[in-house]
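Bear in mind these aren't lab numbers, they're just calculated from the coordinates by the rules spelled out. Just so you know, these numbers come straight off a predicted model, no measurement behind them. When we count neighbours, we look across all protein chains shown, and the Cβ atoms used for this are built from the backbone with ideal geometry, even at glycine.
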Amino acid sequence: MSKTDLMPLKLHQRIIGMRSITLSVLLISLSAFHVTAIAKDVIRCEGRGADPITITMDARKSGNASLHCIAASFIYDLTACAPSNGFGLSAPTGSAPLGPIVYRWQDYADHMGGVASNVNKETQLAFAGGYNSPGSGYTEKWRFVVDRVSGEAKLFQTEDNKTTTKNYSCNRAKTKF
């Protein structure tokens, strides 16, 4: 075999080598993307004599909507996740899984079950939750409002037409894993 006969073989070996390098770089890039894709902003709020409240920004996706979620002991019978300036609707019974996402209150008027809302502004973050019934309308059970500048927050809970207020202090949490 002459040198010119070996040239296509060497070129083929170079192309295969470049493909494996490209594939390796792509796999490393994808694994780095995966790590950053699961890193969420977590906000932990604590109040004197009260259970903590945890807010997770961009906690999950529903279609093209990125959802922010709040978790606390006073939240029950609904999945408290909603898009910025929108509403997350939960099933009426059981574990209350998250259902449709809407952006206008008129769009949940016929919904029977839990409703969570999120208002996301530059200086304020607010969540509210309650229940909607087509015949009776929406009844808010709780509202949590955080001042993004000071980190101070207030929880408003309504039961039997009486509203109680609790103060909280919120900080960005550093997750351990």
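Taking each of Lys121/Lys154; Lys154/Lys174; Lys40/Lys61; Lys141/Lys162; Lys154/Lys176 in turn, the alpha-carbon distance tops 19 angstrom for Lys154/Lys174; Lys154/Lys176.
Our note on the geometry: Cα centres of the range 71-87 and the range 108-139, 9 Å apart. Relative contact order, whole percent, for the range 55-133 stands at 24, derived from Cα pairs under 8 Å and 6 or more residues apart. Remark: the Glu140-Glu46 segment gains 31.6 nm on full extension, using 0.36 nm per residue and subtracting the alpha carbon distance. The phi-based Karplus calculation (6.51 cos²θ - 1.76 cosθ + 1.60; θ = phi - 60°) puts the 3J(HN,Hα) values of the range 126-134 at 9, 10, 9, x, x, 9, 10, 9, x Hz, whole numbers, x for Gly and Pro.
Computed from label points 7 Å out along Cα-Cβ, the spacing between Tyr103 and Arg148 is 1.8 nm.
Count the net charge of all other residues whose Cβ sits under 13 Å from the Cβ of Pro92, scoring Lys and Arg as +1 and Asp and Glu as -1. Before the final figure, lay out the partial values.
Numbers: positive: none; negative: Asp77, Asp110.
After counting each charged neighbour, the total is -2.
Anisotropy class assigned to the range 43-99 is oblate, per the alpha carbon gyration tensor with a/c at or over the 1.5 cut-off and a/b no larger than b/c. The simple Förster model, with R0 at 22 Å and r as the Cβ-Cβ distance, assigns Lys174 and Ala71 a FRET efficiency of 0.80. For the range 62-71, backbone phi angles converted through the Karplus equation (6.51, -1.76, 1.60; θ = phi - 60°) give residue-by-residue couplings of 9, x, 8, 8, 8, 9, 9, 10, 10, 10 Hz, Gly and Pro being listed as x.
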